[in-house]
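The values are calculated or read from the model by the stated rules, or taken from the named source; none is laboratory data. Just so it is clear, the structure is predicted and the values come from calculations on it, not from any experiment. Please note: Cβ atoms are built from the backbone with ideal geometry, for glycine as well, and neighbour counts cover all protein chains shown. Side chains are part of the model used for accessible areas, which takes the heavy atoms of the whole protein and leaves out ligands, DNA and RNA. Shrake-Rupley method; radii C 1.70, N 1.55, O 1.52, S 1.80 Å.
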Amino acid sequence: MAANWKMNLSLDEARDLLNGIKSAKIDFNKVEVLVAPPFTTLQLANELLAGTDILIAGQNMHWGSKGAFTGEISPLMLKEAGCSHVILGHSERRALFFETSETVNQKADAAIEAGLIPIVCIGETLKEREEKKTFDVIRTQLNKSLKTSCKLGNLPQSVILAYEPVWAIGTGKTATPEVAQEVHLFIRRWLIENFDHNTGETIRILYGGSVKPDNIKELMLQPDIDGALIGGASLKTDSFLSITKF
Ligand code: 13P
């Protein structure tokens with residue numbers, strides 16, 4: 001269960017939320033829990049979560065290791081700040097900051113090289129869904145965002161994919177479990193086609209888009225939904241914890 005805080009929470013609010021999650025009884029044999037705070041909160045998260053099983057992710061990064069890239073953060077910087085994971089290609093980055101699948105591929109390569117686990121996001125817009133282009137869009141995003149791994153025929157099995165239909169993000173409109181499952185199954189078949197059966201079975205595919213305590217259970221009942229990437233509902237201790245106990 002991955003909490004994407006986006007650009008939210010002051011340090012004080014973050015401290016309260018992290019302490020709340022930390023003091024809860026979570027069965028880490030059943031669920032992996034990850035928080036992705038803004039960059040300026042990573043250090044606090046690293047300090048407060050030290051010695052726990054709660055993982056930390058960056059919300060974005062640059063593919064280079066260092067240099068004149070004003071405003072950017074390198075893979076090593078994320079690692080030094082305590083991150084084991086990094087979210088890449090979130091639809092907000094693609095739509096608002098002109099990120100492309102080509103740069104997502106560069107970032108995924110750099111993350112893997114640096115020993116960070118990428119959480120690669122894909123998803124169609126409402127217009128694309130209405131025009132019945134969902135599967136074409138998802139296939140193209142996967143082909144381009146994981147181009148290097150496809151060429152090599154090898155995808156590290158720790159890599160995580162997140163299907164986030166853009167029309168379901170922050171709108172309160174969750175994809176029905178059946179609609180989400182249909183796309184997750186498509187993604188799994190794409191993995192099997194491009195890599196091998198084992199990779200297809202092993203890679204975790206998260207669903208994101210208006211996940212809440214009252215819809216997580218039915219989403220998690222779907223055979224190809226392995227977890228969730230949660231925005232709004234991850235900002236409150238009670239709702240996030242209740243999601244982790246699906
Ligand atoms: P919401 O849960 O607020 O819809 O956000 C989903 C998301 O974008 C997670 O990355």
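Quick look at the values:
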item	result
Cross-link partners of Lys30 among aspartates and glutamates (Cα-Cα below 13 Å; sequence separation of 8 or more within a chain)	Asp53, Asp226
Whole-percent pair-distance distribution, where bins are 10 Å wide, for the alpha carbons of the chain	7, 33, 38, 19, 2
Where only C-alpha atoms are counted, convex hull volume of segment 1-145 per residue in Å³	136 Å³
Computed lengthening from Ser158 to Phe135, 0.36 nm per intervening residue step minus Cα-Cα distance	5.9 nm
Stretchable slack from Asp214 to Asn8, in nm (0.36 nm times residue separation minus alpha-carbon distance)	71.9 nm
Alpha-carbon spread of segment 134-208, three principal axes, descending order, Å	39, 21, 19
Volume in Å³ per residue [convex hull over Cα atoms, computed for segment 161-243]	81 Å³
Helical contribution to [θ] at 222 nm, DSSP H n ≥ 4, -39,500 (n - 2.57), averaged over the chain, rounded to 500	-12500 deg cm²/dmol
Given charges at beta-carbon only (K, R positive; D, E negative), |dipole| of the chain in Debye	140 debye
Accessible area (Å², per residue) of segment 30-153, counting only protein heavy atoms and a probe of 1.4 Å	50 Å²
Amide H contacts under 5 Å for Ile169, placed H, 5+ residues apart	none
Links that overshoot a 20 Å alpha carbon limit, given the list Lys66/Lys107; Lys133/Lys217; Lys132/Lys173	Lys133/Lys217
In order through segment 28-37: 3J(HN,Hα) via Karplus (6.51 cos²θ - 1.76 cosθ + 1.60), integer Hz, x for Gly, Pro	6, 6, 9, 9, 9, 10, 9, 10, 10, x
Within the accessible area of the chain (1.4 Å probe), percent carbon and sulfur	53 percent
Ser242-His197 pseudo-label distance in nm [points 7 Å out on the Cα-to-Cβ vector]	4.2 nm
